[in-house]
Amino acid sequence: MVKETILVYARVKPLGRRQEAGIYSIEDDEKSLSTLEIIVPHDLADGVVNNKRESYKFKFQKIFDQEAKQDVVFDSIAKPVAECVLAGYNGTIFAYGQTGSGKTFTITGGAERYSDRGIIPRTLSYIFDQLQKDSSKVYTTHVSYLEIYNECGYDLLDPRHEASRLEDLLKVTIMEDPDQNIHLKNLSLQQATNEEEALNLLFLGDTNRMIAETPMNQASSRSHCIFTIHISSKEPGSATIRRSKLHLVDLAGSERVAKTGVGGHLLTEAKYINLSLHYLEQVIIALAEKNRSHIPYRNSMMTSVLRDSLGGNCMTTMIATLSIDKRNIDESISTCRFAQRVALIKNEAVLNEEIDPRLIIVQLKKEIQELKDELVLVTGKQRTSELSQEELLQLDKLIGTFLKDNDPDSALDVGADMRKIKYCFVHMKELMNHSKISDRKWLSQHTSEEKDTNKEAEELEKMKELLQQRDNEISILYILVNMLKKEKKKAQDALFQLNAASAGIPCAVPSSADDYYLSVGENMSLGCQEAFEVFKRDHADSVTTEDNKQLLKQRFAEAKCLGEKLNEVRNKINNLKGKITQRHIQKAALAVSSPSEELNMLDPVEEKLRMQIEEEKKRYYFCLKLLPSCGR
């Protein structure tokens, strides 16, 4: 494990023809860090009393002045990181600065001269030279090129990039596994076997980058780009694989919208660029603080991708590109302050080694075969992976004898064969499970029988209680019936005595009305019987009953007649209303065909129909008044 702070370098961009240089000085010391001092003199327009700071000093690992060449920058910054990557460590080099300060020229280089090559092509050349020289290991290299434009990721090596619109391309998305490792979906990994193939991939990606002309730069990068070199190495015959990666990051430049005066699409791009750089600064500040529990990596896509590079398993180097133009002094000071905060971050780089599972499988198979051969030599028998049928029957007999033996000191001896030992364990486990299942079935059956018996006893008790209740009710009803019969008999006896007394027939009180009539019929002569029939016919109750029957028939006939009259009157009223409705329909149809004022006048036919309805209603109400008197 290598634990060290992020190395921070500074590079000053040469001034243009129309640019006025600011005041700065560089102090180089081979034993210690280099110092950059920027002087900002007081402006007389601000007044006599001016307490603004004039001198700003910043420490860097090394400062490259305006005359520094590309090869010197590579040898000092990128070459040590590339050596660590070849050794199996992760590395990152990223350039930070305002728009037009020389970030893309430092990272990628210029296209006019071969000597203007930047860090990426020089690093590719150095890595492949070292791979060709080292014949002790087998190396494989892959390249990926990610562009983050307006907070969306795109694959610059996608072959559809030129033929399709940006909206139609697949976006690169971030996925995180349970170990918080970042994986990029839809980002292709292209294999490069030599320097030429790697450079072709670099040039292909550079042609697909988002570049636009701004007041600060004629070819301003409008996106963040991350060119990654993946290297895996393995010694022949070894199961250990080393995997490392090198991020070469060209960040888009920060710019002040008020100073550049951009608008429209360029303004939207500038907003996204400044926002992502703001989130990067938040991560840097959080990492520099002590006892900070949460680092906001997920705020932007760029900080999520560079999680290992910032405070993680990586050797990281930063290049602060400065434009010492008098108009850009404030932005240069801001870049230097950001670099000082980055220099406080400590990374812990770990050698990325892992065991190749395919080689482990091959070694284990070889070891198993050797052990089998040794076993054959010791035992003199060739063993197969499965037991024969005879061996299985013999083991079943041994297990049965062992289980039936009540001696606690008895043992089950099957020899030193693991196949037989495993079979005995499995077979005994099956027997135990079978006995447990049988016990459970017997227990559940016994429990269910007890439940059924208890349920039947409860139902029997309920039926007995219900039967006792019904018996009690029947006894009470029987008593009440007897009481009613006695009362009825008393009333009938009194009535028969009264009738006999009125007829002048002395007789004993019969037990019932039938007995009374029978006794009367038996004891009387024919003349008396005829007189008795006349008496029954002429009795007052009989006359009253016949009169009521005749009156009821008369009233029923009258009520029936009134009901028929009511139905007749109701039908006439409904018929008249139908005629009025028919008149309204005819008038409405006539009004649609030939509208005139005469249609609004009163209709004499309709008035006559309404008068008839009123007369019929009077007849109806008169019949309704007569109807209750018929029912009295």
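The values are calculated or read from the model by the stated rules, or taken from the named source; none is laboratory data. For clarity, every value in this text was computed on a predicted model and none was experimentally measured. Positions of Cβ are backbone-derived with ideal geometry, glycine not excepted, and every protein chain shown enters the neighbour counts. Please note that ligands, DNA and RNA were not included when accessible areas were found on the heavy atoms of the full protein model with its side chains. Shrake-Rupley method; radii C 1.70, N 1.55, O 1.52, S 1.80 Å.
In vacuo Debye scattering of the stretch 83-185, one point per C-alpha: log10 I(q)/I(0) at q = 0.14, 0.21 Å⁻¹? Scattering profile of the stretch 83-185, log10 relative to I(0): -0.86, -1.30. Based on C-alpha pairs under 8 angstrom that are at least 6 apart in sequence, the stretch 30-117 has a relative contact order of 21 percent.
Based on the Cβ-Cβ distance of residue 386 and residue 439, what FRET efficiency does E = 1/(1 + (r/R0)^6) give at R0 = 25 Å, to the nearest 0.05? Walk me through the intermediate numbers first.
Details: r = 33 Å, r/R0 = 1.31.
The computed FRET efficiency comes out at 0.15.
Measuring between their Cα centroids, the stretch 274-312 and the stretch 55-124 lie 22 Å from each other. Can you give the local net charge around residue 571? Use residues other than it whose beta-carbon is closer than 14 angstrom to its beta-carbon, Lys and Arg +1, Asp and Glu -1. Neighbour charge sum, excluding residue 571 itself: +4.
For the stretch 66-222, with all protein chains present and a 1.4 Å probe, just round the carbon and sulfur fraction of the accessible area to a whole percent.
Numbers: 3760 of 7680 Å².
Carbon and sulfur together cover 49 percent of it.
One decimal place: the segment residue 615-residue 402 gains 64.9 nm when fully extended, by the rule 0.36 nm per residue minus the C-alpha distance. What the phi angles of the stretch 482-487 give under the Karplus curve with 6.51, -1.76 and 1.60, with θ = phi - 60°, is a coupling list of 4, 5, 5, 4, 4, 5 Hz, glycine and proline written as x.
For residue 345, nonlocal amide neighbours, meaning residues 5 or more places apart or on other chains whose placed amide H falls under 5 Å from its own, are 6. Each label point was placed 7 Å from the Cα along the Cα-to-Cβ direction; for residue 171 and residue 467 their separation is 8.3 nm. Each peptide in 96-105, 27-36, 399-408, 271-280 gets a packing score, the mean of other Cβ atoms within 10 Å over its residues, and the list from highest to lowest is 96-105, 271-280, 27-36, 399-408. Once backbone amide H atoms are built at 1.01 Å from N, residue 319 has 9, 94, 95, 96 as its partners under 5 Å, excluding neighbours fewer than 5 places away on the same chain. For the stretch 142-197, the list of trypsin sites (Lys or Arg not before Pro) that fall in a loop by DSSP and count at most 16 other C-beta atoms within 10 angstrom reads 160, 165.
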